[in-house]
Amino acid sequence: MSQQARTAGSKLEGSCACGAVKVSVNGETMNGICLELQGQPKSFTTRSSNNYDVNRWFCSECGSGTHLTMPDPSMMGLMGGLFPPGSIAPPTKELFCKNRESWEKSYGENVRECDEQPNWEAEAAEREKAAQAQT
């Protein structure tokens, strides 16, 4: 399903390499999504460059990475390899650009480039403030 075909009521579905963990994403964009996981993913915790815990989830059967969770429950990262080719939207933000290999290219002018990891807590507070201003 192309990104253009996705609507607010559509569902994007994917799975790990062996199919034991299935992922469903409801919504038009990755903002305000509802994520459903089926299967038995496992996780391990690492420290981010901003010094907070990041839980890295993976399939307990095949080891495929599935998603990342952070202290801010409104933020999560899904692994693009879970979904069929052509089914996810192009990126809007690229992280850790300072670590880009010399042969890697920019995604273009429509993609915000961040040399480091953004301060997710500050961005979440900014979103909350903007949402309150609209009400």
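A short reminder: the numbers here are calculations on the coordinates, not readings from a lab. Quantities reported herein were computed from a predicted structural model and do not represent experimental measurements. Cβ sites come from the backbone with ideal geometry, for glycine too, and all protein chains shown count toward neighbours.
With a cut-off of 8 Å between alpha carbons and a minimum separation of six or more residues, what is the relative contact order of the range 90-135 in percent? If you can, show how the numbers build up before the last one.
Values: 31 pairs, mean separation 18.8, N = 46.
Once normalised by length, the contact order is 41 percent.
Rounded to the nearest 0.05, what FRET efficiency do residue 24 and residue 48 give with R0 = 25 Å and r taken as the Cβ-Cβ distance? Could you check?
Details: r = 27 Å, r/R0 = 1.06.
Step by step, r from the Cβ atoms, then E = 0.40.
Using a cut-off of 23 Å between alpha-carbon atoms, which lysines can reach residue 93, once sequence neighbours fewer than 8 places away in the same chain are excluded? Residue 93 reaches 11, 105, 129.
How much of the calculated P(r) for the range 90-135 lies past 11 Å, in percent of all Cα pairs? That fraction is 72 percent.
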